[in-house]
Amino acid sequence: MDERDREFESGGHAEPAILLIDDNAVQAATRQTILKRAGYYVIAVLNPQRALEQIQNREFPAQIKLVITDHLMPGMMGAEFVRELRKTHPDLPVLVISGLEEAEDEYRDLDVLFRMKPLLPDHLLASVHRLMTRDQGSVVGA
């Protein structure tokens, strides 16, 4: 294990992180605030392609324990993001949030938890808790 691997495993941050991807900065900031107030360490990214590169290149300052993504985003839809993510991280928990009920079909066989907008804070936190505790071993970099 080289220096970069050790640094990534320790993450530079004591606790695993939630990666929040949403091209809408207001929604991303709102969800980030809700999660931070609940005690989670959250990294928000507005561009799904960049987030994918950062995950694959292990550029985040902490271990990613959960990914929360919007469905409808310019450049790369949520389903495409998850399909690409699954190639390198098949067990990483993913929460997809969408305002389109029919979008759920696009995530079949991708092992995600799908939730509809508007997602109330209590429902967001319950979904996150469920995914964060379902498998204590699923952490990027672990």
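The values are calculated or read from the model by the stated rules, or taken from the named source; none is laboratory data. These numbers come from a predicted model, not from an experiment. FYI the Cβ positions are ideal-geometry reconstructions off the backbone, even for glycines, and counts take in every protein chain you see.
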Pairs where the first residue, in region 93-112, is of a type in the set (Asp, Glu) and the second is assigned to a strand (DSSP E or B), C-beta under 6 Å, 6+ apart: Glu104/Phe114
Every residue from region 101-116 that is assigned to a loop (DSSP other than H, G, I, E, B), at negative phi and surrounded by 12 or more Cβ atoms within 10 Å (Cβ to Cβ): Leu110, Val112
Members of region 44-61 that are in contact (Cβ under 8 Å) with a residue 12 or more places away in the chain and not in a helix (DSSP H, G or I): Ala44, Val45, Leu46, Asn47, Arg58, Phe60, Pro61
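Residue-by-condition table, conditions (1) modelled with pLDDT under 95; (2) more than 12 Å from the chain's Cα centre (by Cα):
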| position | (1), (2) |
| --- | --- |
| Pro61 | yes, yes |
| Ala79 | no, yes |
| Leu85 | no, no |
| Leu95 | no, no |
| Leu125 | no, yes |
| Val128 | no, no |
| Asp135 | yes, yes |
| Val139 | yes, no |
| Ala142 | yes, yes |
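Quick grid of which residues meet (1) part of a loop (DSSP other than H, G, I, E, B); (2) within 19 Å of Ile34 (Cα to Cα); (3) among the hydroxyl-bearing types (Ser, Thr, Tyr); (4) out of contact with any Pro (no Cβ under 9 Å at 6 or more places or on another chain):
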| residue | (1), (2), (3), (4) |
| --- | --- |
| Val82 | no, no, no, yes |
| Arg86 | no, no, no, yes |
| Leu95 | no, yes, no, yes |
| Pro118 | yes, yes, no, yes |
| Leu125 | no, yes, no, yes |
Any pair with Cβ under 9 angstrom, 6 or more apart, that starts in region 62-85 at a residue that is under 11 Å from Ile21 (Cβ atoms) and ends at one that is modelled with pLDDT under 95 and polar (S, T, N, Q): Leu85/Gln56
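Residue-by-condition table, conditions (1) buried (at least 17 other Cβ atoms within 10 Å of the Cβ); (2) at pLDDT below 95; (3) out of contact with any Gly (no Cβ under 9 Å at 6 or more places or on another chain); (4) more than 15 Å from Ile97 (Cβ to Cβ):
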residue	(1), (2), (3), (4)
Asp2	no, yes, yes, yes
Asp5	no, yes, no, yes
Phe8	yes, yes, no, yes
Leu19	yes, no, yes, no
Gln54	no, no, yes, yes
